[in-house]
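The values are calculated or read from the model by the stated rules, or taken from the named source; none is laboratory data. As the structure is a prediction and not an experimental result, all values here were calculated from the model. We place every Cβ from the backbone using ideal geometry, glycine too, and count neighbours over all the protein chains shown. Please note that ligands, DNA and RNA were not included when accessible areas were found on the heavy atoms of the full protein model with its side chains. Shrake-Rupley method; radii C 1.70, N 1.55, O 1.52, S 1.80 Å.
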Amino acid sequence: MTPKTRPSAPKRRGAPIRPEVTLEMVAREAGVSPSTVSRILNGTAQVRESKVQAVQAAISKLQFIPNPVARSLAGGKSMSVGVVIQSIDSPFYVEALAAMEKGLFRANYSAVFVSGHWRPDDERRCINHLLSRRVDGIILMTSCLPDQELVQLSRSTPLVLTGRKVASARACSLDVDSTPGARLATEYLIGQGHQRIAFILGPSDHPDAVQRFDGYKAGLAAHKIPFTSRLVAAGNYTDAGGYAATNHLLDAGARFTAVFAANDQTASGVLLALHRRGLRIPQDVSVVGFDDIPSSSFTIPPLTTVHRSTSEIGASAADAMLELIDGRTPVPNLAAATLAIRESTRPWSD
């Protein structure tokens, strides 16, 4: 009896495996030395344009992919930048991180993202982890560490800060002051006829949350409207926090015709709380947020909010870091905050 044979497995088709192309092979093809190829790739070569073109042609013909590890060892760089975000799951950071990653990638740098969770000890651990990976610089997004620690850090590695201003010649501060934007929103509501404007706070240990509260109070003072603590409720920059804060104000009998929320996530919770309490937006209560995150255009109704280009912040942070790495002094120039006026606000008249 002929033994049964198992059918052979079908062969998988895919991209053919090609042999590794080495730097030496590129050098032979271009008719130059391997060291010349290496220096051209690292941007440190001072050679004739004909040699540069020959190397580029060889790279294209052989489909050579430079080894970033080898290049970093040769140039003394890791070709990576550490980025400390306080909350990596926050919608506020999405566009900023995408723009930052894109800017760094164009210069052949990789971004290493870690979360500090608004806790100084966690942030220190993140920084030490990044330094142990020998990153070429660190971007801190709204750091909660003391100024002196940040100054000390800048002495050992290129440092870019967003949302903070630190006096150090070796650090670049993208000081995105939220105070003017918050005042702009408050004065907009006042210009719409609102006198009783509630405010939902952000966390008290966040510098930008303090700035937004200051801007709110400054807007009231500029129009001689008395500040009252009864119209202020604690929040935590989350939807749930905005929801709870709004219910707290309503349960306490606070009378208001508008709510200014410290960020857009808080404003989303405000919208839901008002809706569930039978209040119409904006007919009964106008609502304004801050940050203009992508989802704010799709709330019901679409949210009026303070617009800051988070993608501009991310791109500027990446550019500033690359300049610091190259030994230059960045001069960032961020656009001022503006208002994105949508259907969540309307003029008020008693």
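Restricted to segment 246-350, the set of strands (runs of 3 or more DSSP E) holding at least 1 residues that are more than 26 Å from Leu174 (Cβ to Cβ) comprises 258-261, 286-291. Within segment 117-148, being at pLDDT 90 or above, part of a helix (DSSP H, G or I) and open to solvent by 50 Å² or more (accessible area, probe 1.4 Å) holds for Pro120, Asp121, Arg124, Arg125, Asn128, His129, Leu131, Asp147, Gln148.
Taken together, the residues in segment 178-213 that are free of Cβ contacts under 8 Å to residues at least 60 places away in the same chain, small (Gly, Ala, Ser) and surrounded by 18 or more Cβ atoms within 10 Å (Cβ to Cβ) amount to 1.
Residue under question is Ala252, and the condition is that it be among the hydrophobic types (A, V, I, L, M, F, W, C) and either closer than 19 Å to Val285 by Cβ or modelled with pLDDT under 95 (or both); does it hold? Criteria met by Ala252. Restricting attention to segment 91-107 and to residues that are small (Gly, Ala, Ser) and crowded, with 19+ Cβ neighbours inside 10 Å, the residue that is farthest from Ser296 (Cα to Cα) turns out to be Gly103.
Of all residues in segment 107-135, those that are touching a residue at least 24 places away in the same chain (Cβ under 8 Å) and more than 18 Å from Pro207 (Cβ to Cβ) have Cβ atoms under 9 Å from Cβ atoms of residues that are small (Gly, Ala, Ser) and open to solvent by 80 Å² or more (accessible area, probe 1.4 Å), 6 or more apart or on another chain, in Leu131/Ser156.
Of all the residues in segment 224-243, those that are of a type outside the set (Ser, Thr, Tyr), out of contact with any strand residue (DSSP E or B) (no Cβ under 6 Å at 6 or more places or on another chain), open to solvent by less than 80 Å² (accessible area, probe 1.4 Å) and in a helix (DSSP H, G or I) number 3.
Restricting to segment 48-83, name every residue that is exposed (fewer than 14 other Cβ atoms within 10 Å of the Cβ), in a loop (DSSP other than H, G, I, E, B) and modelled with pLDDT of 80 or more. Within segment 48-83, Arg48, Gln63 qualify. Please tell me if Phe113 is open to solvent by less than 50 Å² (accessible area, probe 1.4 Å) and either touching a strand residue (DSSP E or B) at 6+ places or on another chain (Cβ under 8 Å) or modelled with pLDDT under 90 (or both). No; evaluated as a whole, the condition is false for this residue.
So which of Leu303, Leu339 ends up being open to solvent by less than 50 Å² (accessible area, probe 1.4 Å), in contact with a Phe, Trp or Tyr (Cβ under 7 Å, 6 or more places away or on another chain) and modelled with pLDDT of 95 or more? Being open to solvent by less than 50 Å² (accessible area, probe 1.4 Å), in contact with a Phe, Trp or Tyr (Cβ under 7 Å, 6 or more places away or on another chain) and modelled with pLDDT of 95 or more holds for just one of Leu303, Leu339, which is Leu339. Of all residues in segment 152-164, those that are closer than 12 Å to Leu131 by Cβ and without any contact (Cβ under 8 Å) to a residue 40 or more places away in the chain have Cβ atoms under 9 Å from Cβ atoms of residues that are open to solvent by 10 Å² or more (accessible area, probe 1.4 Å) and in a strand (DSSP E or B), 6 or more apart or on another chain, in Leu153/Ala171.
Summed over segment 149-204, the residues that are among the charged types (D, E, K, R) and part of a helix (DSSP H, G or I) give a count of 3.
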